[in-house]
Amino acid sequence: MSEAGVVILGNGHAGVSVAEQLRRKKYPGAITLIGAEAGLPYQRPPLSKQYLKGEWDEARLLQRNAEFYRNNDIRLIASDSVISIDPSAHRLELKSGATLPWDKLVLATGSCLQKLEIPGADAEGVVYLQNREQADALKSEMRSARRAVVIGGGYIGLEGAAALALAGLDVTLVNRSSELLARSASLPVAHWIQRRHEKQGVVFKLGEQLAEILSADNRVRGVRLANGEVLEAELVLIGIGVKPDTGLAESIGLECADGVLVDQKGVTSHPDILAAGDCTRFNHPLYGEAIHLESIQNAVEQGKRVAATLMGEEGTYDAVPWFWSDQYEAKLQIAGIAQGHDLEVIRGDEHAERFSVFCYAQRRLVAVESINAPAEHMLARQLLKAGASPPPDDAANPEFNLRSALPS
Amino acid sequence: MVNLIFVEPSGAEREVAAPEGWSLMEAAFQNGVDGIEAECGGSCTCATCHVYIDEKFIDRLEPMGSNEDEMLDCAAAERRDNSRLSCQIEIKVEFEGMVIQTPDTQI
Ligand SMILES: Cc1cc2nc3c(=O)[nH]c(=O)nc-3n(C[C@H](O)[C@H](O)[C@H](O)COP(=O)(O)OP(=O)(O)OC[C@H]3O[C@@H](n4cnc5c(N)ncnc54)[C@H](O)[C@@H]3O)c2cc1C
Ligand code: FES
C-alpha cells in the first residue's frame, strides 16, 4: 500500500459510510473524502422534512461534526469536483487544478437531477429539491409565495407538497401518471397518501402533462397544462426524479447500465475501483436481477460492504432494501421491492390510520408497505431476510402472529 | 450545551456535549459514538438507536409513546426496564451528566 490510500468520490451517505466503516475496521491508510458541495457532509432526507419545515437548523442537518473527521483522520475536500480519472496511473484531477493519487477509488457520486425541459423552466421561483442550497432557495421562496404548484407525485414532490401545505400555501400537485408514487408503491398506499394530502387541502391534477411554465419579467406566475388549464402560482417545485450519476464512470469505460455496474462485493469492472449508493446497479440475490436503489439504507449498507471488501473481508451484499417517507404525521415504510408483484393482500384496514400491504410474486413475499405500522415493517424485513413467506391469508389476518412465520 | 456520557459496547466512555432540543441519538451520532446505528435518522422506525438509560435519570424522561414501545420489542438486543430509543428522547438541561449505555448489538 502506498500513501495514497482510499479516495472516495462523493461525500453523501454512501461516501461517509465507506469512510466511517474503514476507520471502525481499523484501516491503517489515508482516507480522502471529496465533495462538490460546500461544508461538512449532511443528511439529505431532512431537506424535504424537518429542514424544510424549519424545525432543524444547518448544524442539526450534519451527518457528523467536524471533530469526528479530525479524530478519525479522514481528510475532507469540499467545494471541489473531480473532473477526470486516470485509471492506469491511479490518479484523479480536481476542478481546482490539483491532482490526487489513489490506491483504491470509491465512486459514490449519487444521482443527477432530471430537469424539466419546457419553456419557462428557468424562471425565478422554479425550484428543485436535491441539495441544501436548493432547500434554502425553496425555504426563502415559501416565505413570500401564497400558491404553489408541485410537479411530480413521487416522494420528493409529495414530501414537498406536505411541507408547503403545512406552511399555509395553497398547493396543487400535477402528476403525469394517473396514480401517485406510480413506480414505487401499491395502489392502497398511494390512495391513502392522496387522501391524507387532500385532507390538508392539496389539490391533485393526475394524468396531466405540463405544457409551459408561465412567467413575467422572468419571475414565475403559474403553469399551463397540456389541456389548456392555467394554474396560477408564485412558486413551482419540480420533483420529476433522478438518474444515477455515471458520467465519470462512463468516461473511463467502466461497465454501466443506467448505473455503475458492481458485483456483490461492490467492485466495478476495474478491480481497483469500487462503487456504492445511488450511482450503482447490482444483482440482488433476493430479486435475481440487476437492481438500482435510491435510498439511505442502500447507500449506508452498500458503503459498509465496500469498506469490508477494501479490508479484504469475504461476503456478499444481500441486505433487504427498505425505505421510509414522512408526510405530515404519517410514516410510510417499504421493505423489499414490489415491482412485478402479482398479488397483494392488506393487513388491517386501508381506510384506517394504520395498515400494511403484503406483496407477493408467484406466492413469494417480495415487499411489504406499511402506513404507521413500524413494528410490522420491522417484522417484514426479518421475514424477507429469512426468505419466509407467510401464506397470503395469514398475512391478511391481523390475529395471525407474523413472528410465527419466522424460521426458529 | 448539555454534557452526556455514552458507554460504547467496548466499555469505553465517550463524553459528548450537545444542544438542548436535539435527541440523544443525534448527540451520539454526530460524534460517531460506537454502538448506535440510527438507520432511520430518528423517525422511530428502525430500533437501531436502542440504549439503556442511567437508572438515576429514568424519572426525568418523558414517558414513551406507543410507537417507541412497539419498536423496542423489535430491537436486536435484550429489552430491559431502562430500555429506550435514543432518537425519541429530547435533551434537557436536567440530563447533565447522564450515563447512557449502548447495547452489544443493534442489528
Ligand atoms: C430531499 C430528499 C429526501 C430524501 N428522503 C429520503 C428518505 O426519506 N428515505 C430514504 O431512504 N432516502 C431518501 N432520499 C434519498 C437518499 O437521500 C439518497 O438515496 C442518498 O442520499 C444516496 O446517497 P449517495 O451517497 O449515493 O448519494 P448522495 O447523497 O446524492 O451524494 C453524492 C454526493 O457526491 C457528490 N459528487 C458527485 N459527483 C461529484 C464529483 N465529480 N466531484 C465531487 N463530488 C461529487 C455530490 O455533490 C453529492 O454530494 C432523499 C433524497 C432527497 C434529495
Ligand atoms: S433512529 Fe431509527 S428508531 Fe431511532
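The values are calculated or read from the model by the stated rules, or taken from the named source; none is laboratory data. Please read these numbers as outputs of a predicted model, since none were measured by experiment. In this analysis, Cβ positions are derived from the backbone assuming ideal geometry, glycine residues included, and neighbour counts consider all displayed protein chains. To get the accessible areas, we keep the full protein, side chains included, count just its heavy atoms, and leave off ligands, DNA and RNA. Shrake-Rupley method; radii C 1.70, N 1.55, O 1.52, S 1.80 Å.
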Point to revise | Karplus-derived 3J(HN,Hα), 6.51/-1.76/1.60, for each residue of segment A:242-258, Hz, glycine and proline x | key: 9, 10, x, 7, 10, x, 5, 4, 5, 5, 10, x, 5, 5, 9, 8, 6
Exercise for review: Select from A:Q50, B:A12, A:L94 the residue farthest towards the positive end of the dipole of the protein assembly as shown; place +1 on Cβ of Lys and Arg, -1 on Cβ of Asp and Glu, and compute about the Cα centre.
Suggested key: A:L94
**Study point:** Per residue accessible area in Å² of the protein assembly as shown, where ligands, DNA and RNA are left out and the probe is 1.4 Å
**Key:** 42 Å²
**Study point:** Computed lengthening from A:M311 to A:E124, 0.36 nm per intervening residue step minus Cα-Cα distance
**Key:** 62.5 nm
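Work through the residues other than A:W102 whose Cβ is under 13 Å from its Cβ and net out their charges, Lys, Arg +1 and Asp, Glu -1.
Here the charged neighbours net out to -2.
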Review point. What ³J(HN,Hα) values, in whole Hz, does the Karplus curve 6.51 cos²θ - 1.76 cosθ + 1.60 give for segment A:9-19 when θ = phi - 60°, with x put for Gly and Pro?
Key: 9, x, 10, x, 5, 6, x, 5, 4, 4, 4
Review point. What is the percent of Cα-Cα separations in segment A:190-251 that go past 18 Å?
Key: 56 percent
Check your understanding: Residues of segment A:42-81 losing 40 Å² or more of accessible area relative to the isolated chain, 1.4 Å probe, heavy atoms only?
Key -> A:R60, A:R64, A:N65
**Study point:** Separation in nanometres of the label points that stand 7 Å from Cα toward Cβ, at A:R70 and A:A352
**Key:** 5.3 nm
Study note, to complete from the structure: Kirkwood-based Rg/Rh on the Cα set of segment A:329-405 evaluates to 0.92
Review point. Projected area of segment A:126-240, taken from the Cα convex hull and averaged over every viewing direction, in nm²?
Key: 6.8 nm²
Check your understanding: Which FRET efficiency value, to the nearest 0.05, do you get for A:E250 and A:S79 by plugging their Cβ-Cβ distance into 1/(1 + (r/R0)^6) with R0 = 22 Å?
Key -> 0.35
Check your understanding: Cα-Cα pairs above 47 Å in the protein assembly as shown: how many percent?
Key -> 9 percent
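Quick check on my link table: of A:K26/A:K104; A:K139/A:K199; A:K243/A:K331; B:K56/B:K92; A:K53/A:K331, which ones sit more than 18 Å apart, alpha carbon to alpha carbon?
Those over the limit are A:K139/A:K199; A:K243/A:K331.
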Review point. Given a Förster radius of 60 Å and the C-beta distance between B:K56 and A:V203 as r, what FRET efficiency does 1/(1 + (r/R0)^6) yield to the nearest 0.05?
Key: 0.65
Study note, to complete from the structure: Distance in nm between A:R363 and B:E90 label points, each 7 Å along Cα→Cβ, equals 5.2 nm
**Study point:** Summed buried accessible surface, chains B and A, 1.4 Å probe, nearest 100 Å²
**Key:** 2200 Å²
Check your understanding: Using a basic spin-label model with each label point 7 Å from the Cα along Cα→Cβ, how many nm lie between A:E37 and A:R403?
Key -> 4.0 nm
Check your understanding: For chain A, what is the percent of antiparallel DSSP beta bridges, rounded to the nearest 5?
Key -> 60 percent
**Study point:** Calculated from backbone phi, Karplus (6.51, -1.76, 1.60) coupling profile of segment A:191-202 in Hz, x at Gly/Pro
**Key:** 5, 4, 4, 4, 4, 4, 5, 5, 4, 8, x, 6
**Study point:** Rh by Kirkwood over Cα pairs, then Stokes-Einstein D for chain B at 1.002 mPa s and 20 °C, µm²/s
**Key:** 161 µm²/s
